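Okay, so here's the structure we're looking at.
What follows draws every value from the coordinates through simple rules; no lab data is involved. A quick note: this is a predicted structure, and the numbers were derived from the prediction, not measured. In this analysis, Cβ positions are derived from the backbone assuming ideal geometry, glycine residues included, and neighbour counts consider all displayed protein chains.
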Amino acid sequence: MRSGGWYIVRMPGHSAPQNSRSRHRRLRLNGGWALFALLAGGSLAGGAAFAAAQNETTPVVAASATAPTPRATSTVPVPQRRPQPTTAAAPTIVRTCSVDALASAAGLGTFQGTIRDAASGSILFDRDGDTFSRTASVMKVLTSAAALTVLGPDYRVTTTVLKGEQGGEVVLVGGGDVTLASGTSNIYNDSASMLELADQVKAAWAADPATAGSAISTITLDSSLFTGDTWQPSWDRVEQTEGSTAEVTALMVDGDRSNPSADTSPRSDDPVARAGQAFKAALGSVAVGARLGEGAAPAGAASLGAVQSAPVSTMVQEAVLRSDNTEAEMLARLTAIKRGAGSSFTSLQAAIPAALSEAYGLDAAGLVIVDGSGLSDDDAVSAEFITALLDRVNARDGSLGVLLDGLPIADQTGTLSYRFTGANSVVNGRVFAKTGSIDSANTLAGVIHAADGSVLTFAFFALNSQLGSGREALDALTVGVYNCGNALSNN
């Protein structure tokens, strides 16, 4: 046994006679002790002082008559645990990469902008980001976020037909679905069809003994869900005639486009009447001589048919990808109605800021929401607010991941499919952003997956800029931010 550097042999006594092999082993052991004693003498003398200082001894049992004299032994003290070094603090990020020259380009006109580190929410760059200004179509980020929060991604808009009070009367009730197709399909994904609705009505009409075999003589059009102005007073009517925007009504087909499959197509001055004509045509022979008129559905009337739109998740992504003004206005109005704020343009101010503030803890003070599309110069939102909201979008809070997945992608999809070309193509597939352009502003806001792996949210306003030079300057600035990443300086 080894203990404290000494070798100690304990030999138990034997009462039985030992054979020659046992005697031979004992002789070798005794010889070993003699040699051990001779060699260890010097060591014993040198260790005397150490052994004397120990309080604990180990008894030794003699192996034979020639066994060495037992010596006091001790255990070696266990060394104390050394203090462990603390983990070194993460190195401080040195932010020396400047985009100030790009943010000062003449093409930007009057520039306002904010950039945040999405992981921490810290503002890395700011130029009048707390100033409230017109947003152009970046407003659709707020509208879509509010719709996903209030209505939910699975909400569908219903268009119904009820039996009227008068004999031969049916009432077409608009639920706000601007995507309803007049035929089998239109530009909108998974839209409900007026043909399907008419088929349901014809079947129900024929199955009722009171109406079977008779014609539908009157088609009443109920668009009363939306109230107030159908055209925002601050909008330019050229948007209607050139085909980017329809009047806001609760009953329409194809977004009121003359060409249902075209993104930009002239809109009419009476979307409700156009929807009525489409329904009458879909009914065919059963309603050849039917009169069209506007009115309200009677309370408790029997249903003759109903169709539903695609879910809000689909419509949100369409609205931001194509920048569809009419679809955005529908989402904004339905959000206000669901919150009980009203059903007119003026109800949006009460509905959208409150929805975003309550759901995501954002400071909505100072927001001015005149419409849901951003077409008005009277809208007022700060770049700081937009980036704070985009931090939530990037984090996929609630249902906001739907919005993130629908944002146009640089040089790939939607309104960014033709941007960031040439020298700017380094960001292709790395910038996800909503574009905006009106006569008095160009805007861009979204998420940048930077070259260093960091994720940044940004909102840029180029106020009083020209369409071409403004977009080019915004793109160049975005590329600069991509290259800087988390080393971005505010200087």
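What the Cα atoms of segment 332-438 give is an Rg and a Dmax of 15.6, 49 Å. Gain on full extension, evaluated as 0.36 nm per residue between Glu165 and Ser104 minus their Cα-Cα distance, stands at 15.4 nm. Stretched out straight at 0.36 nm per residue, the stretch from Ser214 to Ser417 would grow longer than its current Cα-Cα span by 67.8 nm. Cross-linked pairs Lys338/Lys434; Lys140/Lys338; Lys140/Lys202: Cα-Cα separations exceed 28 Å for Lys140/Lys202. Evaluate the relative contact order of segment 158-310 (contact order divided by residue number), counting alpha-carbon pairs under 8 angstrom at least 6 apart; express in whole percent. It rounds to 38 percent for segment 158-310.
Applying 0.36 nm per residue to the separation of Ala299 and Asn189 and subtracting their alpha-carbon distance, the gain on full extension is 36.3 nm. Packing, as the average of other Cβ atoms within 10 Å across residues, places the peptides 297-308, 474-485, 274-285 in the order 474-485, 274-285, 297-308, highest first. Remark: spin-label model distance Ser425-Ala380 equals 4.4 nm, labels positioned 7 Å along the Cα→Cβ axis.
The simple Förster model, with R0 at 30 Å and r as the Cβ-Cβ distance, assigns Thr227 and Ser261 a FRET efficiency of 0.45.
The coefficient of translational diffusion for segment 158-310, derived via Stokes-Einstein from the alpha carbon Kirkwood radius under 20 °C and 1.002 mPa s, stands at 137 µm²/s. Modelled spin-label separation between Asp199 and Gln466, with each label point placed 7 Å from Cα along the Cα-to-Cβ direction: 5.4 nm. Size descriptors for segment 253-406 (Cα atoms only): Rg and Dmax, in that order, 18.8, 58 Å.
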